């Protein structure tokens, strides 16, 4: 039996549409589910704002007596791109960004270089910002490599609190800044985010081969569905049937 081009197009579109419906439909359920979960989680809770006070340090005061600019530049020990005054544990400091990208901390009043931030200082910074009460002393680890949980400045100190949210506060080792806070809510959100963008390892890439393939499949699914809709449109079918009856009556 020889099939007409129209019938071959109909059968081909129907087969493609049916198989893509299974594949795209399964992923669509994942997309809708992950999107729903992420939309239900308050973004402030995801960011951990309920666990830390990001502005725990007091403001700078004009009565503190700052070192002159030439002394700060000389104390940096290398060409400086930028100087920034701020507070750290109630003490005015200067964050010197060097031309080579490194950071050096200086005492804002004496211009003396400050020692590198050790684990004890990092723990104190995290505890000062932490909002929880009645929690045992946190544990602290040094982080040298980026991970799906943390991609901020490295090296860093990870301060873990034994609360019901498994809160982890990350403190940059070179600046003493709070770079990230991670909680159970954030980890849940990040898990579904990875499912949503189909990046199951890094949780940040929008152009994975899987996502591109399913996007292309979705386009083919829509085109095949449009072809089937056009070929099965009821009005078109009635018109065709009416013409057939008329021809039979004339005959």
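Values for this structure:
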item	result
Which of 179, 201 has the fewest Cβ neighbours within 10 Å, and the rest in rising order	201, 179
Helix 209-231 vs. the chain, principal-axis angle (Cα, 0 to 90°, nearest 10)	30 degrees
Fully extended contour minus Cα-Cα distance, from residue 71 to residue 187, at 0.36 nm per residue	37.2 nm
Calculated FRET efficiency for the pair residue 146/residue 41, C-beta based, R₀ 35 Å, to 0.05	0.90
Helix 5-40 axis, angle to the chain major axis (alpha carbon atoms, nearest 10°)	30 degrees
Listed values (1) 17.8; (2) 19.5; (3) 23.6, entry calculated as Kirkwood radius over Cα pairs in Å	(3)
Extension reserve of the residue 229-residue 139 stretch, reckoned as 0.36 nm per residue once the Cα distance is removed	26.2 nm
Estimated [θ] at 222 nm from DSSP helical runs (n ≥ 4, -39500 (n - 2.57)) normalised by residues in the chain, nearest 500	-15000 deg cm²/dmol
Angle between the chain longest axis and helix 234-250 axis [Cα atoms, degrees, rounded to 10]	10 degrees
Using a Förster distance of 51 Å, the FRET efficiency for residue 97-residue 8 (Cβ separation, nearest 0.05)	0.15
Kirkwood-type radius of region 49-182, with distances r between different C-alpha atoms, in Å	15.7 Å
Estimated FRET transfer efficiency (residue 160, residue 49; beta-carbon r; R0 22 Å; 0.05)	0.75
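All of the numbers you see were taken from the coordinates with simple rules; none came from a lab. All of these numbers come straight from a predicted model, not from anything done at the bench. We place every Cβ from the backbone using ideal geometry, glycine too, and count neighbours over all the protein chains shown.
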